[in-house]
Amino acid sequence: MKNSIKMLGNLLFIALLAIIGFTTTACPPEEVKQDTITISAILGVTAPVVGQSSVSEITPNAQYHGIVSWDPSSGVFDADTVYTATINLYENEGWTCKGVPANFFTVAGATATNDADSYVIKAVFPKTGFNTFSSITEFGTWLKNQRANTAETPFTVKLNIASLGGSSSDDGSVGSVVKEYISDWYYRNYRFVILDLSDSTMTSIEASAFSGCSNLIGLIMGDSVTSIGNYSFYNCGGITSVTIGKNVTSIGNSAFNGCSGLTSVNIPAGVTSIGDSVFNGCSKLTSVNIPAAVATIGDQVFSSCNALTAIDVDAANVAYISVDKVLYDIAKTKLIAYPAGKAGDSFTIPDGVTTILDNAFDGNRNLTGITIPASVQYLPINRFTGFAKLAGITVAEANTIYSSDNGVLYNKTKTNLIRHPASKTIVNGTFTIPSNVTSIGSYAFAECGITSITIPSNVNTIDSYAFTSCANLTSVTFEGTIDSSKFGNSNPFPGDLRAKYLNTSNGGAGTYTRSGSTWTKGS
């Protein structure tokens with residue numbers, strides 16, 4: 001009874017204290033002591049190894065644990081890449097980063113930095129090495145197991161092998177391994193690669209070794225290579241850089257034909273021969289230097305090199321010469337190549353030139369006028385096609401083979417119409433061939449903007465491709481008869497005009513009009 005009365009009294013006392021403003025609190029907990037972290041070496045994060053997976057956590061210790069993120073982000077490490085690991089630490093009970101000095105922490109193989117009192121460490125590792133393989137099979141197995149990538153993030157692969165194993169069409173070759181990953185368009189499972197062959201012992205880049213490997217981005221040859229085979233990099237449209245071995249002496253036909261991404265090339269000093277069409281279609285190639293040792297250059301080497309502005313030749317070369325960035329033979333009697341992208345809207349072929357090689361002006365995008373001197377005796381078969389802006393051709397009066405009239409190229413007697421410039425101004429789009437003309441040559445009106453043409457009765461021959469690519473031509477008037485044997489059977493006109501004209505029942509002389517690819521003779 002007495003205890004109950006005492007307890008009631010204590011409760012009343014506490015209530016009274018609350019009413020007059022006093023409060024009660026629990027005793028504060030005893031503060032946990034925290035020591036400054038003393039373990040500086042962070043374990044579990046090591047230098048990236050190409051092809052291995054990245055870690056996401058450090059190895060924990062008695063004082064802290066932590067997580068890791070990577071830049072660039074990577075599940076599997078690539079070659080030739082600098083990686084930075086960002087490590088965020090979490091202290092264990094009883095430990096703190098307060099008091100940790102700047103750059104206290106270390107990461108094996110990296111340059112590690114941290115601010116004072118910071119839980120964040122940046123670890124920058126050296127650039128990763130290459131994916132190195134000593135057999136084609138090993139390379140193929142590795143590439144198969146890689147994730148898809150892009151042309152901007154190619155795999156760099158170092159191959160130490162004695163042979164490429166044949167052409168890209170041969171099973172088991174390096175080219176076939178690379179080429180396997182350009183056709184999986186549905187799954188976008190591409191593999192873009194740069195190949196380093198600098199330590200390989202092969203003596204040649206075999207014919208068609210990488211033909212069609214559009215996912216080959218770059219290649220470095222070894223100094224053991226002495227020859228580059230025909231079509232070795234044919235249509236490697238993705239390749240942007242090639243380092244040719246310093247001991248190469250010959251470059252085969254069409255070796256780099258169609259390498260539309262190639263922007264520059266260094267031809268080694270020891271090269272003596274450059275085959276036909278070697279750089280044909282290298283539309284981003286801007287300049288080329290021909291070394292002193294080159295003794296032979298094939299046909300159409302620089303055809304369709306639309307960005308090419310300069311061809312230079314070493315002054316010691318005894319076979320070739322460059323004059324104002326234009327390539328000639330040493331005697332300056334042959335004009336071999338005029339850079340398609342060379343600045344300037346007119347060009348006078350130097351007097352003394354007798355021959356203009358086929359495709360010498362192919363793809364030119366700046367010239368509007370060209371002057372042919374008296375000395376020229378041979379013009380290319382395609383006669384200045386590909387000149388997007390060419391509006392006029394002028395021939396010296398003294399020339400004994402060719403002549404010109406109002407910007408149109410003829411033979412000397414003006415019986416053969418050789419070339420009507422593609423961009424020549426035509427009143428109302430209509431052109432009447434002069435009455436003395438008897439034949440119209442191949443490509444004579446190729447790419448012209450004419451809409452209507454009249455062919456006089458004296459014309460008895462129209463060669464193949466005479467009016468090819470004349471997209472606007474919709475009306476043709478024949479005033480005479482042309483025998484089928486003298487009417488070119490390979491695209492002399494767009495559409496079916498040849499067949500309609502030669503139709504014995506309702507063809508022959510008259511005016512024909514076109515709708516699409518179908519020509520109709522008027523009544």
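How high is the relative contact order of the chain, given as a whole-number percent (alpha carbon pairs under 8 Å, six or more residues apart)?
5
Suppose R0 equals 45 Å; then what is the FRET efficiency for Asp312 and Trp142 from their Cβ-Cβ distance, rounded to the nearest 0.05?
Efficiency, rounded to the nearest 0.05: 0.60.
Highest mean first, what order results for 154-163, 128-137 on Cβ atoms within 10 Å?
Final packing ranking: 154-163, 128-137.
Given the chain, what percent of its DSSP beta bridges are antiparallel, to the nearest 5?
Bridges in the chain are about 40 percent antiparallel.
Using the reciprocal of the averaged 1/r over all distinct C-alpha pairs, how large is the Kirkwood radius of region 37-124 in Å?
Taking every pair of different Cα atoms in region 37-124, averaging 1/r and inverting gives 13.2 Å.
Given the options Gly166, Thr286, Ile356, identify the residue whose Cα lies farthest towards the positive end of the charge dipole of the chain (+1 on Cβ of Lys, Arg; -1 on Cβ of Asp, Glu).
Toward the positive end, the furthest listed residue is Ile356.
So, with +1 on the Cβ of K and R and -1 on the Cβ of D and E, and no other charges, what is the size of the charge dipole of the chain about its Cα centre, to the nearest 20 debye?
That gives a dipole near 1320 debye.
Give the lysines whose C-alpha is closer than 29 Å to that of Lys122, dropping any in the same chain fewer than 8 places away, or say none.
Lys33, Lys98
Setting aside same-chain residues fewer than 8 positions from Lys500, which aspartates and glutamates have a Cα under 17 Å from its Cα?
Partners found: Asp463, Glu479, Asp483.
Counting other beta carbons within 10 Å of each Cβ, put Ser517, Ser227, Ser505 in order, fewest first.
Ser505, Ser517, Ser227
Please give the peptides 164-170, 475-481 ranked by average Cβ packing (other Cβ atoms within 10 Å per residue), highest first, as a rough proxy for protection.
164-170, 475-481
What is the packing order of peptides 33-41, 374-382, taking the mean over residues of other C-beta atoms within 10 Å and listing the highest first?
374-382, 33-41
Give the label of the value calculated from the structure for semi-axes √(5λ) of the Cα gyration tensor in Å, choosing from (i) 77, 32, 22; (ii) 47, 24, 20; (iii) 42, 27, 24.
From the options (i) 77, 32, 22; (ii) 47, 24, 20; (iii) 42, 27, 24, the structure gives (i).
When a footprinting reagent is the concern and you count Cβ atoms within 10 Å, what order do Leu367, Leu308 take, fewest first?
Leu367, Leu308
So for region 37-124, averaging the separation of alpha carbon pairs under 8 Å that are six or more residues apart and normalising by length, what relative contact order in percent results?
29
Tell me which lysines have Cα within less than 28 Å of Lys246's Cα, excluding those fewer than 8 residues away on the same chain?
Lys127, Lys158, Lys179, Lys284, Lys325
Over region 371-523, what relative contact order in percent results from Cα pairs under 8 Å that are six or more residues apart?
15
Can you give the % of DSSP beta bridges in region 37-124 that are antiparallel, to the nearest 5?
So the antiparallel bridges in region 37-124 amount to around 90 percent.
Distance between the C-alpha centers of region 300-376 and region 483-523? Whole Å please.
For region 300-376 versus region 483-523, the Cα centre distance is 38 Å.
No lab work stands behind these numbers, since they all come straight from the coordinates. These figures come from a predicted structure and were not determined experimentally. Cβ atoms come from the backbone with ideal geometry, glycine included; neighbour counts cover every protein chain shown.
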